[in-house]
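Just so it is clear, none of the values below were taken in a lab; they were calculated from the coordinates. Keep in mind that what you see is a predicted model, and the values were worked out from it rather than measured. Here the Cβ positions follow ideal geometry from the backbone for every residue, glycine too, while neighbour counts run over all protein chains shown.
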Amino acid sequence: MQSDDTGIMPDHRAFVDSYTLSIRDFGDGEREVMVQRYDRRTPTCAEGALMAAAAARRGSAVAMRGSARLVDPGPWDEAFDLEAYCAWRDARIDFDRRRAEHRERAARRARVECAARLKAIKADRMLTLTYRECMTDRKRLARDWQEFVRRLRRYVVTGFQYVATHERQRRGAWHMHVAVSGRQNYRLVRAVWRSVVGADNGNIDVRNPWREKKLRHKLAAYMGKYIAKNAEEGELGERRVWCSKGIDQAPREVYGGVFTGWESAVELANGLLDPALPLVAWFSRRREILFLATSNRC
């Protein structure tokens, strides 16, 4: 079919609705199904030619800007170079924007990893390792945590599987949230923690609700909240999640481009879940994501 004078096909659609469906199976009927909608851009012939020409022109321009990207051109005086200042300002704005995007993506990956490993070990309890003093040194927290795990493994014969993250309190002190599976010897755990930080300095709180529905998903959301908080306050590249070795994450199966709309995607998602198990569901308007999951009683 021929295009008109503007280079647009008569039946051309600038955006096409696309849907992807991803599945994770944790065994015993526990599954996660996530449906995501996004607009797939379909450029016209004329736009494609213009974008190719613009990309070719940007080759030399990007190289010129790269050398002065983050170099301050200096104070405002007679020798002030306005063009260099504008280039530096635009590059700085772009750098800050991309850094914020990288930080958000890193936090999102950490939350997804934390939730997947927490459900893989079938965590149903949370331990909170605290300091009585106002301990504000994060490096010390990491050292104390590693020493705590090393000492605890001397006494726990069957292995100690965990998923942990840290949090800063309002007073500035650090503490650790640790998700574990099954009942623990809390007296032993508390004694080992106090042997690391001091008998009068440390304590352990336990969240152990009996047979609470959907607890595993609540723990994942609870820890994900602190991971996002750490991403906002911490530095890039800073470790946010500690996990024991040997946790096998459930593989993710992704299907895309085979749905005609929300109805067909949600119908398939419902067919993959066990109706006899408690259902967890939420929808994100900002990211156009529907999340469905089933969970056994803890």
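Within 10 Å of each residue's Cβ, count the other Cβ atoms and sort MET126, MET51, MET223, MET135 from fewest upward.
Going from sparsest to densest Cβ surroundings: MET51, MET135, MET126, MET223.
Tally Lys/Arg at +1 and Asp/Glu at -1 over every other residue whose Cβ is under 15 Å from the Cβ of ILE23; what's the total?
Charge balance in the 15 Å sphere: -2.
Using the alpha carbons of region 238-291, what is the convex hull volume per residue in cubic angstrom, as a whole number?
In region 238-291, the Cα hull volume divided by residue count equals 178 Å³.
What percentages, rounded to whole numbers, describe P(r) for region 105-247 computed over all alpha carbon pairs with 5 Å bin width beginning at zero?
Final binned percentages: 2, 9, 20, 23, 21, 16, 7, 1.
If neighbour count is taken as other Cβ atoms inside 10 Å, put LYS139, LYS122 in order from fewest to most.
Ranked by crowding around the Cβ, least crowded first: LYS139, LYS122.
Sort 283-289, 127-133, 239-245 by packing, meaning the average of other beta carbons within 10 Å per residue, with the highest value first.
Result, highest mean Cβ count within 10 Å first: 127-133, 239-245, 283-289.
Over region 105-247, how many pairs of lysines fall under 14 Å by alpha carbon, counting only those 8 or more apart in sequence or from different chains?
For region 105-247, the number of qualifying lysine pairs is 5.
Quick check for you: which residues of region 137-174 have the amide N under 19 Å from the point 7 Å beyond the Cα of ASN203 toward its beta carbon?
167-174
How high is the FRET efficiency between ARG239 and ASP274 when r is their beta carbon distance and R₀ equals 45 Å, given to the nearest 0.05?
On the way: r = 36 Å, r/R0 = 0.79.
According to the calculation, E is roughly 0.80.
How many nm is it between the label spots at GLU263 and TYR38, if each spot is 7 Å from the Cα in line with the beta carbon?
2.6
Tell me, what is the FRET efficiency for GLN249 and CYS134 to the nearest 0.05, using R0 = 35 angstrom and their Cβ-Cβ distance as r?
Details: r = 36 Å, r/R0 = 1.04.
Step by step, r from the Cβ atoms, then E = 0.45.
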